[in-house]
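I have placed the structure first, in the form of structure tokens, so that the comments after it can refer back to it.
The values are calculated or read from the model by the stated rules, or taken from the named source; none is laboratory data. The structure displayed is predicted, hence computed values, not measured ones. Backbone-built Cβ (ideal geometry, glycine too); neighbour counts: all protein chains shown. The protein model used for the area step is the full one, side chains on, heavy atoms only, and it has no ligands, DNA or RNA in it. Shrake-Rupley method; radii C 1.70, N 1.55, O 1.52, S 1.80 Å.
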Amino acid sequence: MTQQRRTVAMIGNPVSDKGRGAKVGERVRGLLEAAGAEYGFDVLDLTGASFDDSLARARAHAAEYDHLVVVGGDGMIALGANAVGTSGIPLGIVAIGSGNDFARGLKLPIDRVDVAVEGIVGAIVRGSHLDVDMGHVTSLPGGRAVDPSTGAEIGPSDGSDGSDGSGDADGDAPAPVPIDRYYAGMLSCGLDSSINDRANHSRLPNGKLRYLAAALVELTRMKRYGYRIRVTMADGTVDEREVVTPLLTVANSRHIGGGIELAPYSRFADGLLDLVWARHVPNALECVEAVSKAYGDRLLGCRCLDWRRIREIEIDRASEGDEPPVLMADGEYVGYLPVRVSVRPRALRVLVPPAVAAEESRRTEIALDDMLARDGRDPETGAFADGR
């Protein structure tokens, strides 16, 4: 019996880095085509003109490919997660450019195109993959989506159906488009979102430099955002409260901002999300401490930060505090509160070399007790053990 020939789809980012993304995409396609000739698979280029266009093409052609490869930073991983998440179609990642925090967490090669493609092809041939969790963001009544690339408000029509998207015949404003988005890394709801937004509008040439410069500006203008949250904890108990804080993040992975380990306790396949927030607006000494620990695994030892392992959270605007900024996930804009965020256990299949799969499995099996004890946190509640 002749084995059916497989198809590998790929999506690049032709508008990134002043055209460099298009050149890298062409290079990846050439490498995949050469490998396909050797190992018996075809290559289908589904690159579109924008995030939404590429995502629509990936979904429309989903029955035509067996694997999907995305080329770029965390935004492209967000695209891949929303294209093939929950489908069982494996996702390959060629990580280039700024960010790459999800790839960094999995210890995949960054800015090494040939090595990344070689690893993906090896994973395809050997059937090597890792099933990881995803976060799922949906609107509660009143929540609304925005354009993932620009953050601009969107309506129910973009004019492609013959309407102008400006409302109904009576002149009423169009109903907001609800959020329905998956993410692989982190959902940023406060300071980290405002930093990311500022970095996106920066003209500085380097991605990490843009983020650091944006962080310095936002840290000097830190706001006290008001949230009303309803959290389903890891043990199934429910906690409802209002918090006024500059930082609120729902993490599925460990890194953000080009290597800051904001959620060092996070595991990719534990069926849980990590809620991280600032207990108060940090003073100068606390900021210095946080910066000194930002690029290691000790950030949650800072007393100004709190952490819980959760299954689901509902987030709305509180009666006090500043209006929260636009939500962002994996470097892309998501929308505005209120939202529900839940975990989708092992819903995203990622192509990884066998050594990477084995390393992540070992890391998942390592108990968190040692890290929590080192940082002074109670292993049951996540709070600081001394109660302070």
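Summary of computed values
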{"quantity": "Filtered residues of the stretch 334-355 (kept if touching a strand residue (DSSP E or B) at 6+ places or on another chain (Cβ under 7 Å) and farther than 17 Å from LEU140 by Cα)", "calculated": "ARG344, PRO345, ARG346, ALA347, LEU348, ARG349, VAL350, LEU351, VAL352"}
{"quantity": "So LEU275, is it of a type in the set (A, V, I, L, M), surrounded by fewer than 20 Cβ atoms within 10 Å (Cβ to Cβ) and not in a loop (DSSP other than H, G, I, E, B)", "calculated": "no"}
{"quantity": "Any chance VAL350 is open to solvent by less than 30 Å² (accessible area, probe 1.4 Å), within 30 Å of ALA123 (Cα to Cα) and among the β-branched types (Val, Ile, Thr)", "calculated": "yes"}
{"quantity": "Residue within the stretch 148-161 that is in a loop (DSSP other than H, G, I, E, B), at pLDDT 95 or above and closer than 29 Å to ARG279 by Cα present", "calculated": "no"}
{"quantity": "Hits in the stretch 283-323 - residues which are of a type outside the set (Lys, Arg), open to solvent by 20 Å² or more (accessible area, probe 1.4 Å) and under 19 Å from TYR211 (Cβ atoms)", "calculated": "CYS287, VAL288, ALA290, VAL291, SER292, TYR295, GLY296"}
{"quantity": "Selection from the stretch 36-52 of residues that are open to solvent by less than 60 Å² (accessible area, probe 1.4 Å) and of a type in the set (D, E, K, R)", "calculated": "ASP45"}
{"quantity": "For THR249: the one exception among (1) in a strand (DSSP E or B); (2) open to solvent by 90 Å² or more (accessible area, probe 1.4 Å)", "calculated": "(2)"}
{"quantity": "ILE96, sole failed condition from (1) within 18 Å of the chain's Cα centre (by Cα); (2) more than 22 Å from SER149 (Cα to Cα)", "calculated": "(2)"}
{"quantity": "Exclusive hit being of a type outside the set (A, V, I, L, M), open to solvent by 30 Å² or more (accessible area, probe 1.4 Å), touching a residue at least 24 places away in the same chain (Cβ under 8 Å) and part of a strand (DSSP E or B), set TYR182, TYR227", "calculated": "TYR182"}
{"quantity": "Selection count, the stretch 87-104, where residues are open to solvent by 10 Å² or more (accessible area, probe 1.4 Å), of a type in the set (Gly, Ala, Ser) and touching a strand residue (DSSP E or B) at 6+ places or on another chain (Cβ under 7 Å)", "calculated": "2"}
{"quantity": "Failed criterion for LYS107 (all others in (1) assigned to a helix (DSSP H, G or I); (2) open to solvent by 20 Å² or more (accessible area, probe 1.4 Å) hold)", "calculated": "(1)"}
{"quantity": "Criterion (open to solvent by less than 10 Å² (accessible area, probe 1.4 Å) and either touching a residue at least 12 places away in the same chain (Cβ under 8 Å) or under 15 Å from GLY185 (Cβ atoms) (or both)) met by exactly one of ALA123, ALA83", "calculated": "ALA123"}
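The rows are residues; the columns are (1) outside any loop (DSSP other than H, G, I, E, B); (2) surrounded by 21 or more Cβ atoms within 10 Å (Cβ to Cβ); (3) touching a Leu at 6+ places or on another chain (Cβ under 9 Å).
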position: LYS223; (1), (2), (3): no, no, yes
position: ASP239; (1), (2), (3): yes, no, no
position: ARG254; (1), (2), (3): no, yes, yes
position: GLY258; (1), (2), (3): no, yes, yes
